[in-house]
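Read-outs: derived from the displayed coordinates by stated rules, not from any lab. If you're wondering where the values come from, they're calculated on a predicted model, not measured in any experiment. Glycine gets a Cβ as well: all are built from the backbone with ideal geometry, and neighbour counts include every protein chain shown.
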Amino acid sequence: MTFRKYLVLAGITVFSTAGDSLLARGMKDLGGVSLHHLSALLLAILNPWVTAGILLLLTFFACYMSALSWADLTYVLPATSLSYVLVALVGHFRLHEEISASRWLGIALIAAGVGFVAAGPSVTSSRQRRKSRAVASDTLTQEVER
Amino acid sequence: MTNLYAWAAIALIILASTTGDVLLSHAMKRVGDVGDLWKRRGMLAVVARILTTPTFALGLMAMAVAFYSLLFGLSWGNLSLVVPASASLTFVANAVAARIFLHEQVGRRRWLAAVLVACGVVLMAV
C-alpha cells in the first residue's frame, strides 16, 4: 500500500459523504417529490446543490473503482466505512446535532473495525487465490467420489 | 404486514448490492491496477477497458436494482429500519460472497472488521 492508495481510500470516504450531504441539501429545496410528478426529478439536476452532489458522487465512484482494481472487496468496504462516522461528526459540528451514548459506541466499533482491516493485507495474491480455488475443487471432487 | 414488505425490500437491497459489489470487484480485478494502466496507456485506454468488461455493466445494473429497492423500501418501511438494517447486513453478506465467488482470503481479521462495522452502523442509527 502506497501513500497514493491511502489517498484514494480517503477519497471514497470523503466524496461519498460530501456527495450525499449536498444531494440531501438540494432535495430539501425541492420539497417532497410525489410519484405522480417524477418529471420533477429531472429538473432537480438544475439545482446547483444537486449538480455538485452528483459530480462528487461520480468522483466517489471513480475512486471506488480504482480501489477495487488493486484491493480486495473485503478490504475496501470496511476501510471506507468511516463515512458513517463522518456523517455523524458533520451533523454534530455543523448542524449542532446531539450525539447519544449509543452513537458514540457505534463510532468506536466502526473505528475499531477500520483499524482491524487496515492493519492487515489489502489484497489476496493470485497464488493464494489459486490455492483456495484448488482446495474448493478438491473438497468438491472428494464429495463427488463419496 | 407493511413490516413484511419492508423486510422483503431489505432482503432485495442486500442481494442486489452484494451482487453489484461482487460483479464490480470482479470487473476491476480483470481490468488490473488502474494507476499502472493509466501511466502506461493513458486515461482513454483505462475507460475503454473498463467499459468493455462485461461484468462491469452487469454490476452497474445490479447497483441500479439496489437503488430502486431502497426507494421502494423507504416508501414501505421506516428510514430508521431500512437503511441501517440493509447497510449493516450488506457488510456481512459481502464478506461471505467475496470469499465464495471472488476467492478472497477472509481471515479472522476481516470477519471481525465486517461484524464490528455492521454492529457500529446499527448503533449509529439507534
Check: Can you list the equivalent-ellipsoid semi-axes of region B:2-125, largest first and in whole Å, using the square root of 5 times each Cα gyration tensor eigenvalue?
Finding: 30, 19, 12
Notebook entry, point to check: Can you pull the semi-axes for the protein assembly as shown, root of five times each eigenvalue of the Cα gyration tensor, sorted largest first, whole Å?
Noted result: 31, 23, 21
Check: Among B:24-31, A:95-102, A:108-115, what's the highest-first ranking by average C-beta atoms within 10 angstrom per residue?
Finding: B:24-31, A:108-115, A:95-102
Item checked: Average beta-carbon neighbours from other chains, 10 Å sphere, peptide A:76-85 -> 5
Note to self: For the protein assembly as shown, what is the number of Lys pairs with C-alpha distance below 27 angstrom, counting only pairs 8 or more positions apart or on separate chains?
What the structure shows: 5
Next item on the list: Could you work out, residue by residue across B:93-101, how many beta carbons of other chains sit within 10 Å of that residue's beta carbon, and then give the average as an integer?
Entry: 3
